[in-house]
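The values are calculated or read from the model by the stated rules, or taken from the named source; none is laboratory data. For clarity, every value in this text was computed on a predicted model and none was experimentally measured. Here the Cβ is made from the backbone with ideal geometry for all residues, glycine too, and neighbour counts use every protein chain on show. Heavy atoms of the whole protein, side chains included, go into the accessibility calculation; ligands, DNA and RNA do not. Shrake-Rupley method; radii C 1.70, N 1.55, O 1.52, S 1.80 Å.
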Amino acid sequence: MAELGEKPFRGRQVYKWIYKNRVFDFERMTDLKKDIRSVLRENSFIGLPSVAARQKSEDGTEKFLFALEDKNLIETVLIPDDYSGRMTLCISSQVGCPLGCKFCATGYLGYKRDLSVGEIVGQVLAVREMYGDGVFDNIVFMGMGEPLLNLDNVVAAIEIMIDPIGLKVGAKRITVSTVGIAPGIRKLAESGFKVNLALSLNATNDKLRRELMPIGKVYPLEKLFSAIREWTGVKKRRITFEYILFKGLNDRREHALELANLIRGIPCKINLLAYNPVEGADYQRPEEEDVDCFAEFLYPRAPAVTVRKSRGKDIAAACGQLAGKKGYDAYHG
Ligand code: SF4
């Protein structure tokens, strides 16, 4: 609006129409003068990511393949929670991902580009457009990409999400999940938002972590845990550690003990999840009894432990299975 020579409050009006009222047509923004509406129409457009395909799992999980303006594809997943009956929206922050974690289908795609603020928020708007405002309670940055590598846009998107005249999602209902970009954790803490942080830990020693997640070479556990201690200190909140169990690699008692030692003194909860097989990766899913055994051993040694069920496995929407373009072929057989 400033660029068009208009008063800044006009920008606020348009903002409210788009995010609060979900009106995507300038003509329907009735408190704007007609000439402003036509200038806006000539100089700009409002575009949501379009649904290129969608799939519903037998467990109720729904996966959307969104096409962006430049035809790149990303995935967004709507996940029902067994216990609370609430829905969680899992959104992407990049097209592909540069970090190449060995258990993740997105990692095998490689990196194309970061998502813009509009493309991040657009996923939320597009799903609300289909199902209404109350469709989900929680938003997690656990889709394609590493959010802390696109931190400026992620922070700007969060600002719109938590704004009462924006998307009006409580900050405590938003979780940013990282594989461990230590400086990004510090920067996110400085942003002052009361969002949650989840760390995809998956290994209790640097050797295995480096093997599973090459970013472990840049930020070994010592560096990472110093950033995490700062986060829990500044935020006075607990962090969630995600721990994917791989058969024979990190699912034994000794690993559970190492894990308990590693997180000692940190306000946290641990989510355990059995590995979901992805094409090209040579890892195996542990038996259910081994996961239970691991959890039982950990319970008395950790503040809180949850065994998470994989959701949407039948449509490759579970953790680590999002694959964008490659996924497109799967939607269409
Ligand atoms: S797990 Fe996350 S950071 Fe690792 S490759 Fe997949 S999307 Fe990237």
Apart from one, (1) buried (at least 20 other Cβ atoms within 10 Å of the Cβ); (2) among the aliphatic types (A, V, I, L, M); (3) not assigned by TED's automatic domain parsing to the domain that holds A157 all hold for L4; the odd one out is (1)
Filtering the stretch 1-44 down to residues that are at pLDDT below 90 and either under 19 Å from A126 (Cβ atoms) or among the hydrophobic types (A, V, I, L, M, F, W, C) (or both) yields M1, A2, L4, S44
Please work out if L109 is surrounded by 17 or more Cβ atoms within 10 Å (Cβ to Cβ), among the aliphatic types (A, V, I, L, M) and within 16 Å of the ligand (Cβ to nearest atom).
-> yes
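Conditions tested, residue by residue: (1) under 15 Å from N202 (Cβ atoms); (2) outside any loop (DSSP other than H, G, I, E, B).
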residue: P277; (1), (2): no, no
residue: G280; (1), (2): no, no
residue: R285; (1), (2): yes, no
residue: D292; (1), (2): no, yes
residue: E296; (1), (2): no, yes
residue: T306; (1), (2): no, yes
residue: R311; (1), (2): no, no
residue: C319; (1), (2): yes, no
The correct count of residues that are farther than 22 Å from V307 by Cβ and over 19 Å from the mean Cα position of the chain (by Cα) in the stretch 57-86 is 3
Among L208, L224, L199, the single one that is modelled with pLDDT of 95 or more, assigned to a helix (DSSP H, G or I) and in contact with a helix residue (DSSP H, G or I) (Cβ under 8 Å, 6 or more places away or on another chain) is L224
From the option list G143, G216, single residue qualifying as outside any helix (DSSP H, G or I) and either over 30 Å from A52 (Cα atoms) or within 14 Å of the ligand (Cβ to nearest atom) (or both) is G143
Subset of the stretch 60-74, residues of a type in the set (F, W, Y) and within 23 Å of S44 (Cα to Cα), comes to F66
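Let's see how each residue does on (1) closer than 28 Å to V95 by Cβ; (2) modelled with pLDDT under 90:
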residue	(1), (2)
G265	no, no
I270	no, no
E279	yes, yes
V291	no, no
A304	no, no
K309	no, yes
A318	yes, yes
G327	yes, yes
Y331	yes, yes
For the stretch 103-114, pairs from a residue that is within 14 Å of M142 (Cβ to Cβ) and free of Cβ contacts under 8 Å to residues at least 40 places away in the same chain to a residue that is within 7 Å of the ligand (Cβ to nearest atom) and not in a helix (DSSP H, G or I), with Cβ under 6 Å and 6 or more apart or across chains, are G107/C97; G107/G100; G107/C101
Query raised in the report: Is there a residue in the stretch 225-233 that is closer than 19 Å to C104 by Cα, over 21 Å from the mean Cα position of the chain (by Cα) and free of Cβ contacts under 8 Å to residues at least 24 places away in the same chain?
Result: no
What about G233, is it exposed (fewer than 14 other Cβ atoms within 10 Å of the Cβ), out of contact with any strand residue (DSSP E or B) (no Cβ under 9 Å at 6 or more places or on another chain) and over 17 Å from L201 (Cα atoms)? yes
Could you tell me whether the stretch 79-99 includes any residue that is of a type in the set (S, T, Y) and modelled with pLDDT under 90? yes
Taking first residues from the stretch 278-290 that are without any contact (Cβ under 8 Å) to a residue 60 or more places away in the chain and second residues anywhere that are open to solvent by less than 70 Å² (accessible area, probe 1.4 Å) and of a type in the set (A, V, I, L, M), the pairs with Cβ under 7 Å that are 6 or more apart or on different chains are R285/A274; P286/L245; P286/A274
Those residues of the stretch 54-69 which are open to solvent by 10 Å² or more (accessible area, probe 1.4 Å) and among the hydrophobic types (A, V, I, L, M, F, W, C) amount to A67, L68
Within the stretch 127-134, can one find any residue that is in a helix (DSSP H, G or I), within 16 Å of the ligand (Cβ to nearest atom) and in contact (Cβ under 8 Å) with a residue 60 or more places away in the chain? no
Scanning the stretch 70-92 residue by residue, those crowded, with 20+ Cβ neighbours inside 10 Å and more than 9 Å from the ligand (Cβ to nearest atom) turn out to be L73, I74, E75, T76, V77, L78, I79, T88, L89, C90, I91
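Matching residues to (1) surrounded by fewer than 17 Cβ atoms within 10 Å (Cβ to Cβ); (2) among the hydrophobic types (A, V, I, L, M, F, W, C); (3) closer than 30 Å to G192 by Cβ:
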position	(1), (2), (3)
S226	yes, no, yes
L245	no, yes, no
E254	yes, no, no
C268	no, yes, yes
F294	no, yes, no
A302	no, yes, yes
D314	yes, no, no
G320	no, no, no
